[in-house]
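Shown below is the structure under consideration.
Nothing in this text is a laboratory measurement; each read-out follows from the coordinates by a stated rule. Everything quoted here is computed from the prediction, not taken from an experiment. Virtual Cβ from ideal backbone geometry, glycine too; neighbours counted across all protein chains shown.
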């Protein structure tokens, strides 16, 4: 697995910890990495994502709400909601990463950490998010 993939996996778990424990990224990341090892590049990417999602949560949630017309954020499963936040942050902030890579990685996270229906749900919402943000296939 590449450093960004392992970074995304760690970031998702940090985001989940932040939400369930009501703590900031600066508190959750060190707690997570005390128990789970990661290569330096993956750890740095996880910390960047977690801090970015924490900082930009209001903007991310507003974007997600626009894309998920029939689903309130509060009704989404925690894992799904945090996968979508993570990928939305990447779509906004990581222009060098192609849309397809971000969405594929998010779907894989949903398959690994979510329910049987998570991957299809995450894929559908994120395609609408990417369209809203003007990220087209082939964009970097």
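For n ≥ 4 DSSP H runs only, could you compute -39500 (n - 2.57) per run for the chain, divide by its residues and tell me the 222 nm figure to the nearest 500? Could the numbers behind the result be given before it?
Values: 6 runs with 104 residues, N = 140.
For the chain, the value works out to -25000 deg cm²/dmol.
Per residue, how big is the convex hull of segment 68-140 when only Cα atoms are used? Give it in Å³.
74
Can you order the peptides 7-16, 120-129, 80-89 by their average number of other Cβ atoms within 10 Å per residue, highest first?
On the way: 7-16: 24.4, 120-129: 19.1, 80-89: 26.4.
Going from most to least packed, we get 80-89, 7-16, 120-129.
Which entry in (i) 15.3; (ii) 17.2; (iii) 14.8 matches Kirkwood radius over Cα pairs in Å derived from the coordinates of this structure?
(iii)
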